[in-house]
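Data first, discussion second: the structure below is written as structure tokens.
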Amino acid sequence: MKNSIYFRIFIATALIVLFSFSLLGGLYTTLSYRRAIADRREMMLSTMHETARVITAQHQNNTDNLDDLNLSEWLTMTSGITGFDLFVTNVNGVIEACSEADIQNIGKTVPQEILRSVGAEENAVVVLSDIGNLYPETRHMSGVPLTGNSSGARQTFGYLFITSDMSAFMRDWTTFYNVFIMIAVGVMIIAFVIAFFAMKKQVEPLYEMACAARRFARGEFSVRVEDHGRKDEIGQLTEAFNAMADTLDSSEKLRRDFITNISHELRTPMTVIAGFAEGLLDGTIPRENETRYLSVISSETRRLSRLVLSMSDTTPLQPSELSLASEGSFDITEVARLALISLDAKIEKKKLSVEADLPEEEIITRGDSDSISQAIFNLIDNAIKFSAPRGLISLELWKQGDRAYVSVTNRGEDIPSEDLPHIFDRFHKADKSRSADRDGVGMGLFIVKKILDTHNEDIFVTSSGGLTRFIFSLTVVEEQKKRPS
């Protein structure tokens, strides 16, 4: 599991998500805390200034002392609304009104250094202080002098202080922070689960391909990766992998067919040669028959040579080695005629009739004459092999526009429809018994297709009603000029 690619991707993704959440969560928590503190301080100062304004106005309207109970009740009401504690002192720092319901702080004295610091500040600020042990804990505190006009001059008649117990605020903030952490952890868990299954789904085809590749190494070429219909890169890779598997499977089948064909084709002449040679050596064969059996050995040896040559014929059929195919030109009429004449002995041996419809004038086509001659030879030779005894083969050549067409036809058994798409494959034989073709290994038509492919030409085959016909095209050279001899 630890070596699995999706496990490693999941761990990497989880670490990235965890780091991102931690970073963003830390930044959000810090900024939110600072913003909450700033808002609370701003609210403290706003409440303090508004309360000071009201107290100053009331003090100017009446001359009651600051220890009026109505003032304490009003401060208590304000504290209940805002959550802050307020108290008012006289100029000497003695508390004369406060917001506490038990008014336990009335009569206590605020240290002079705090009074001086409040009076010296042009703008009120919030600081941390226990206000001279007035409270058992350190609080946020701010103060402002209360000033009014007296005898035409502005004088300080007292001080207003506002405090805030941070323990309640911290409890609220801790509750919010815990809720945030729970939500963040829940989101991360959901994200990890979704990421795990999503990545597993993404990587599963790769794992299947790895398993399929290992099975290929063991020779199981029928294995395929399941196609889930995906259109992304993984889907394209799956499609390419299965296409490669099809090619490997096809190549393996061709290899097995090749070995089967070769072993069958070579076994018979080698058995004949070995048997007759041993008979000649041990005297089993009479001396008067030696010439006859040596002739058989010679014939079988030549057949072995033809088999080897038919296999080696595919070696030079590479595009880089046939560059003259697009440069040379030749008379296709003469090439077709010579190819037909060269197979005259085989035609006579099988008692076949021949119809040759070749034009008398030259048809100059582009390509390599030797290669095209080989292609026509193979097609006629194939027609001879699979023609019915005393049957008919025909060779036709005609020109149509800028194309010349060569047709080779024979009468005999039809090529099965399931074999037609594979008729040009290497080592393919429609007749699996090979009894009809003892001299070949299924390379003739493959060579023809290879030659025409290097010339960028097409070949077609039809087989029905006992008539099999091969037609291929060539490009006609525009100026019909005979090549110098």
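The values are calculated or read from the model by the stated rules, or taken from the named source; none is laboratory data. Note that the structure is predicted; figures quoted are calculated from it, not measured. Cβ atoms come from the backbone with ideal geometry, glycine included; neighbour counts cover every protein chain shown.
Scanning segment 353-390 for residues that are of a type in the set (Asp, Glu) and within 49 Å of the chain's Cα centre (by Cα) returns ASP368, ASP370. Regarding segment 377-385, can at least one residue be identified that is under 15 Å from ASP344 (Cα atoms) and either surrounded by fewer than 17 Cβ atoms within 10 Å (Cβ to Cβ) or in contact with an Asp or Glu (Cβ under 7 Å, 6 or more places away or on another chain) (or both)? Yes, because at least one residue in segment 377-385 is under 15 Å from ASP344 (Cα atoms) and either surrounded by fewer than 17 Cβ atoms within 10 Å (Cβ to Cβ) or in contact with an Asp or Glu (Cβ under 7 Å, 6 or more places away or on another chain) (or both). Taken together, SER417, SER394 contain a single residue that is surrounded by 17 or more Cβ atoms within 10 Å (Cβ to Cβ) and without any contact (Cβ under 8 Å) to a residue 60 or more places away in the chain, which is SER394. For LYS349, the conditions (1) surrounded by 14 or more Cβ atoms within 10 Å (Cβ to Cβ); (2) without any contact (Cβ under 8 Å) to a residue 24 or more places away in the chain are fulfilled apart from (1).
If the condition is being at pLDDT 80 or above and under 20 Å from ARG116 (Cβ atoms), then segment 152-187 contributes GLN155, THR156, PHE157, GLY158, TYR159, LEU160, PHE161, ILE162, THR163. Which ones in segment 272-300 are within 60 Å of the chain's Cα centre (by Cα) and of a type in the set (Val, Ile, Thr)? Passing the criteria: VAL272, ILE273.
For every residue, the table says whether it meets (1) within 56 Å of the chain's Cα centre (by Cα); (2) at pLDDT 65 or above; (3) within 16 Å of ILE376 (Cβ to Cβ).
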position: ALA325; (1), (2), (3): yes, no, yes
position: ASP331; (1), (2), (3): yes, yes, yes
position: ALA336; (1), (2), (3): yes, yes, yes
position: LEU340; (1), (2), (3): yes, yes, yes
position: GLU348; (1), (2), (3): no, yes, no
position: LYS351; (1), (2), (3): no, yes, no
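Taking each residue of segment 203-225 that is at positive phi and looking for partners that are assigned to a helix (DSSP H, G or I) and surrounded by 14 or more Cβ atoms within 10 Å (Cβ to Cβ) with beta-carbon atoms closer than 9 Å, six or more apart or interchain, yields GLY219/GLU252. Here are some residues: PHE446, PHE470. Which one is closer than 15 Å to ASP381 by Cα, surrounded by 14 or more Cβ atoms within 10 Å (Cβ to Cβ) and modelled with pLDDT of 90 or more? One residue alone meets the criteria, PHE470. Would you say ASP232 is at pLDDT 80 or above and among the acidic types (Asp, Glu)? Spelling it out, it is not the case that ASP232 is at pLDDT 80 or above and among the acidic types (Asp, Glu). Residues in segment 83-108 that are modelled with pLDDT of 85 or more and hydroxyl-bearing (Ser, Thr, Tyr): THR89 alone.
Residues are listed down the side, and each one gets a yes or a no for (1) assigned by TED's automatic domain parsing to the domain that holds THR109; (2) in a helix (DSSP H, G or I); (3) modelled with pLDDT under 75:
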| residue | (1), (2), (3) |
| --- | --- |
| ALA14 | yes, yes, yes |
| TYR28 | yes, yes, no |
| LEU31 | yes, yes, no |
| GLU42 | yes, yes, no |
| LEU45 | yes, yes, no |
| GLU50 | yes, yes, no |
| ARG53 | yes, yes, no |
| THR63 | yes, no, yes |
| ASP67 | yes, no, yes |
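Against the definition (at pLDDT below 80, of a type in the set (Ser, Thr, Tyr) and more than 30 Å from LEU18 (Cα to Cα)), how does SER295 come out, yes or no? No: the conditions fail for SER295. Only a single criterion out of (1) surrounded by fewer than 12 Cβ atoms within 10 Å (Cβ to Cβ); (2) more than 42 Å from the chain's Cα centre (by Cα) is not satisfied by MET166, namely (1). A single member of ALA184, ALA240, ALA195, ALA213 is in the same structural domain as THR301 (by TED's automatic domain parsing) and not polar (S, T, N, Q), and it is ALA240.
Taken as a whole, the structure leaves ILE364 outside the set of residues that are crowded, with 16+ Cβ neighbours inside 10 Å, of a type outside the set (Asp, Glu), closer than 17 Å to ILE459 by Cβ and at pLDDT 90 or above.
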